[in-house]
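The values are calculated or read from the model by the stated rules, or taken from the named source; none is laboratory data. The model shown is predicted, which means the values in this text are computed figures rather than measured ones. In this analysis, Cβ positions are derived from the backbone assuming ideal geometry, glycine residues included, and neighbour counts consider all displayed protein chains.
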Amino acid sequence: MRKVLLDLAVTLDGFIEGSNGEIDWCIIDDDMDFNDFLSNIDTIFYGRVSYDSWGNFQPDTDADEAETEFWKNIHSKEKYVFSGQNRNDEKATFITSKITDKVNEIKTQPGKDIWLYGGAKLIHTFIELNLIDVYRISVHPVALGTGKPLFENLTKRLNLKLTETNTFKSGVVQLIYEPVKD
């Protein structure tokens, strides 16, 4: 069965974006090999706000070849958008209800793993519904002091088991966890 992977950057003080939505603190090093991660997924789950911001993002015309290929690779994935709005979009399927049923249905279809891209509201919903199979949290060596926290207003404890750690030359430490099944 396919897995839902939360792959996310977080600051040392636990924020996924700054108080004004900024993510300029995110570091991408060559040794992180994000292309390897992308080669193991074929589907991306977005919240509507994240999809509207990034789901069809195109780099500037003067972007280097690596950035252009990066976004081309991301846009080659099947996209699902979880939203209260139902829209027709030829590049994505919108899911407006029965989240658990739809996610479990998608997970049983043939294919590679699924990247839970976010945003924060969708990640919170997936945590609460116990729909995340793997947490890949990359802790960046910066503290913002304020912003949007990763784990906010949880209604129950989230117990995780560390399965792997990776340290990169930039100082980013990636922690990979799986939920402890009750």
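Structure values in brief
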quantity: Positions within segment 35-47 being surrounded by 14 or more Cβ atoms within 10 Å (Cβ to Cβ) and farther than 17 Å from residue 16 by Cβ, in sequence order; calculated: 37, 38, 41, 42, 43
quantity: Test set (1) free of Cβ contacts under 8 Å to residues at least 12 places away in the same chain; (2) within 15 Å of the chain's Cα centre (by Cα); (3) more than 30 Å from residue 144 (Cβ to Cβ) - residue 53 fails condition number; calculated: (3)
quantity: Enumeration of residues in segment 51-69 that are closer than 22 Å to residue 115 by Cβ and assigned to a loop (DSSP other than H, G, I, E, B); calculated: 56, 57, 58, 59, 63
quantity: Count - residues of segment 17-34 that are surrounded by fewer than 13 Cβ atoms within 10 Å (Cβ to Cβ) and more than 19 Å from residue 70 (Cβ to Cβ); calculated: 4
quantity: Among the candidates 74, 95, residue that is modelled with pLDDT under 95, over 21 Å from residue 135 (Cβ atoms) and hydrophobic (A, V, I, L, M, F, W, C); calculated: 95
quantity: Residue match in segment 112-122 (condition: charged (D, E, K, R), within 18 Å of residue 5 (Cα to Cα) and in a helix (DSSP H, G or I)); calculated: yes
quantity: Evaluation of residue 113 against (1) acidic (Asp, Glu); (2) more than 27 Å from residue 11 (Cα to Cα); (3) surrounded by 13 or more Cβ atoms within 10 Å (Cβ to Cβ) (one fails), failing number; calculated: (2)
quantity: Filter result for the condition that a residue is in contact with a Leu (Cβ under 9 Å, 6 or more places away or on another chain) and surrounded by 14 or more Cβ atoms within 10 Å (Cβ to Cβ), over 106, 95, 127; calculated: 127
quantity: Only one of 73, 40 that is without any contact (Cβ under 8 Å) to a residue 60 or more places away in the chain and of a type outside the set (D, E, K, R); calculated: 73
quantity: Test for residue 28: is it at pLDDT 85 or above and out of contact with any Cys (no Cβ under 8 Å at 6 or more places or on another chain); calculated: no
quantity: Test: residue in segment 126-133 that is in contact with a strand residue (DSSP E or B) (Cβ under 7 Å, 6 or more places away or on another chain), acidic (Asp, Glu), over 28 Å from residue 19 (Cβ atoms) and not in a strand (DSSP E or B); calculated: yes
quantity: Segment 132-165: number of residues that are in contact (Cβ under 8 Å) with a residue 40 or more places away in the chain and either surrounded by 15 or more Cβ atoms within 10 Å (Cβ to Cβ) or in contact with a helix residue (DSSP H, G or I) (Cβ under 9 Å, 6 or more places away or on another chain) (or both); calculated: 16
quantity: Criterion violated by residue 72 - all others in (1) of a type in the set (Lys, Arg); (2) part of a helix (DSSP H, G or I); (3) in contact with a His (Cβ under 9 Å, 6 or more places away or on another chain) satisfied; calculated: (3)
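Residue by residue, here is whether (1) over 20 Å from residue 40 (Cβ atoms); (2) modelled with pLDDT under 95 holds:
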residue	(1), (2)
85	yes, yes
89	yes, yes
100	yes, no
117	no, yes
149	yes, yes
157	yes, yes
177	no, no
181	yes, yes
